[in-house]
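Okay, so here's the structure we're looking at.
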Amino acid sequence: MGKKEEILPDREFALELLRILKIPLSVRRHSEKVADKAIEIASKIKKANVDINLIEIGALLHDIGRSKTHGFKHALIGGKILRQRGFSEKLARICETHILGGLDKEDAKNVGLPEKEYLPITLEEKIICLADKHMAGTREVSIQNRFNRWFQKYGRSKILLKSKKRIEKIQKEIEELM
Ligand SMILES: [Fe+2]
């Protein structure tokens, strides 16, 4: 067995875990689509090493915190669930950094989360955050489209405008590695 921080469940185990924790079917389907999209993005990257296995399992489990709440806190809860089960810290971080374009301290405070930075740092974290923005449920959309819908629903709030910029920066960064 590898070191604790390296423990990654396999695909079947991850999907079974989502079922056991009663993650709604719609969220499970969304997670599988995010995994497909994240793998598609990752497989185009030529100028850097990406851990495809981590991408797949991380994407499948990114919304595991939705077993408790669909609010912003699901990101933190997801991280907690994975740590408690002894899984890779990398998986926990993927959960914590996938919301919007990641959250800085100010954003976290605004949405009622502990004032900490939850920004995607590693390439795997960035790819899953981006893939998640491309999947509205199980439907693939452009980043522009995704944010336009959020702008219509919530207004052009500071947090959304900042998030859009961050995601566009991540997208550009990833494209430059292709
Ligand atoms: Fe989520």
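The values are calculated or read from the model by the stated rules, or taken from the named source; none is laboratory data. Keep in mind it's a predicted model, so treat the numbers as computed, not measured. Here the Cβ is made from the backbone with ideal geometry for all residues, glycine too, and neighbour counts use every protein chain on show. Each accessible area value is taken on the protein alone, full model and side chains, heavy atoms only, with ligands, DNA and RNA left out. Shrake-Rupley method; radii C 1.70, N 1.55, O 1.52, S 1.80 Å.
Among the listed pairs LYS44/LYS158; LYS44/LYS164; LYS22/LYS133; LYS33/LYS165; LYS47/LYS158, which are separated by more than 30 Å between their Cα atoms? The pairs that break the limit, which is 30 Å between Cα atoms, are LYS44/LYS158; LYS47/LYS158.
For HIS74, the solvent-accessible surface with a 1.4 Å probe is about 10 Å², rounded to the nearest 10.
The charge dipole of the stretch 1-84, taken about its Cα centre with unit charges on the Cβ of Lys, Arg, Asp and Glu (plus for the first two, minus for the last two), comes to roughly 340 debye.
If R0 equals 30 Å, the separation of the Cβ atoms of GLU89 and ALA48 corresponds to a calculated FRET efficiency of about 0.90.
Between GLU16 and LYS153, the modelled labels are 3.4 nm apart [label points 7 Å from Cα along Cα→Cβ].
Sorting PHE72, PHE147, PHE87 by accessible area puts them as PHE72, PHE87, PHE147; the probe is 1.4 Å, largest comes first, and only protein heavy atoms count.
What does the net charge come to around ILE23 if you take all other residues with beta carbon closer than 13 Å to its beta carbon, with K and R at +1 and D and E at -1?
On the way: positive: ARG19, LYS22, ARG28, ARG29, ARG66, LYS68; negative: GLU16, GLU32, ASP63.
Computed value for this residue: +3.
Which entries of LYS37/LYS73; LYS73/LYS116; LYS90/LYS169 show an alpha-carbon separation above 19 angstrom in the structure shown? In this structure, LYS37/LYS73; LYS90/LYS169 exceed 19 Å between Cα atoms. Classified by the C-alpha gyration tensor, the stretch 20-130 has an oblate form. Its axis ratio a/c, with a ≥ b ≥ c, is 1.5 or above, and a/b does not exceed b/c.
Tell me which GluC sites (Glu not before Pro) from the stretch 84-133 have a DSSP coil assignment and no more than 16 other beta carbons within 10 Å of their own. All intermediate terms of the calculation are to be shown ahead of the outcome.
Working: sites: GLU89, GLU96, GLU106, GLU115, GLU117, GLU124, GLU125; in loops: GLU115, GLU117.
Passing both the DSSP loop test and the Cβ count: GLU115, GLU117.
Here the contact order of the chain, divided by its residue count and restricted to Cα pairs under 8 Å and six or more residues apart, works out to 24 percent.
What size of dipole, in debye to the nearest 20, comes out for the stretch 4-175 about its Cα centre when the only charges are +1 on Lys and Arg C-beta atoms and -1 on Asp and Glu C-beta atoms?
Numbers: 36 positive and 25 negative charges, 159 e Å.
The calculated dipole for the stretch 4-175 is roughly 760 debye.
Using only side-chain charges placed at the Cβ, +1 for Lys and Arg and -1 for Asp and Glu, the dipole size of the stretch 74-138 relative to its Cα centre rounds to 240 debye.
Each of GLY101, GLY65, TYR154 was placed along the dipole of the chain (beta-carbon charges, centred on the mean Cα), and the one lying farthest toward the positive end is TYR154.
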